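Each remark here refers to the structure printed beneath this line.
The values are calculated or read from the model by the stated rules, or taken from the named source; none is laboratory data. Note that the structure is a prediction, hence the values are computed from the model and not measured. Every residue, glycine among them, receives a Cβ derived from its backbone with ideal geometry; neighbour counts consider all protein chains shown.
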Amino acid sequence: MNGRLRAICGPGTLACLVLTACGSPIRTFPPAQTQADPVICMSRAECDSMWSRAQSFVAQKSAYRMPVVSDYLIETYGPRESAPDLGYRVTRVIAPDGTGEVRLVTTCVYYTGCVPGTTLIGNQFRAYLIQPPAR
């Protein structure tokens, strides 16, 4: 305890503990953001099919709603610091020749990490886009 607080509070008083606690820094955690390797599509039809599956994947996996769904961006609300759920952002880029890529970025801000983890979700996303589940 510094001399100034000691003079105001006196040693061992409750008020001194309260003042000391108020002066303690709050620990914050930076968001953990992971970008999975892009999934490459070789034609416009394949890119459209993957984009549809990407939207389905995020709808199934995300704890948050998707306020943004366009031809080139899918984005969820979140994440929140009070829950171990991932926030999702998926982008699509199409080249003039019809080839393209779909990218997933996940964000976690929960202090102990998110479940499922960002690496696992990235792997699942890639597998889902490349080989959709049988219907």
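Please determine, by comparing only the residues of the stretch 119-135 that are of a type in the set (A, V, I, L, M) and surrounded by fewer than 21 Cβ atoms within 10 Å (Cβ to Cβ), which one is farthest from residue 42 (Cα to Cα).
Across the stretch 119-135, the extreme among qualifying residues is 120.
Among the residues of the stretch 75-106 satisfying the criterion of being more than 16 Å from residue 34 (Cβ to Cβ) and touching a strand residue (DSSP E or B) at 6+ places or on another chain (Cβ under 8 Å), which is surrounded by the fewest Cβ atoms within 10 Å (Cβ to Cβ)?
Only one residue fits best here, namely 93.
Could you tell me which residue of the stretch 93-118 is nearest to residue 41 (Cα to Cα), considering only residues that are more than 11 Å from the chain's Cα centre (by Cα) and of a type in the set (Ser, Thr, Tyr)?
Among residues in the stretch 93-118 that are more than 11 Å from the chain's Cα centre (by Cα) and of a type in the set (Ser, Thr, Tyr), the one nearest to residue 41 (Cα to Cα) is 99.
I'd like the residue in the stretch 33-66 that is among the small types (Gly, Ala, Ser) and more than 23 Å from the chain's Cα centre (by Cα) and, out of all such residues, is surrounded by the fewest Cβ atoms within 10 Å (Cβ to Cβ).
Taking the candidates together, the pick is 45.
Being at pLDDT below 95 and not charged (D, E, K, R) is the filter here; which residues of the stretch 69-84 pass it?
Matches in the stretch 69-84: 77, 78, 79, 82, 83, 84.
Give me the pairs, please: first residue somewhere in the stretch 101-116 and basic (Lys, Arg), second residue anywhere and not in a loop (DSSP other than H, G, I, E, B), beta-carbon distance under 8 Å, and either six or more positions apart or on two chains.
Close Cβ pairs satisfying both conditions: 103/35; 103/39; 103/90; 103/91; 103/92; 103/93.
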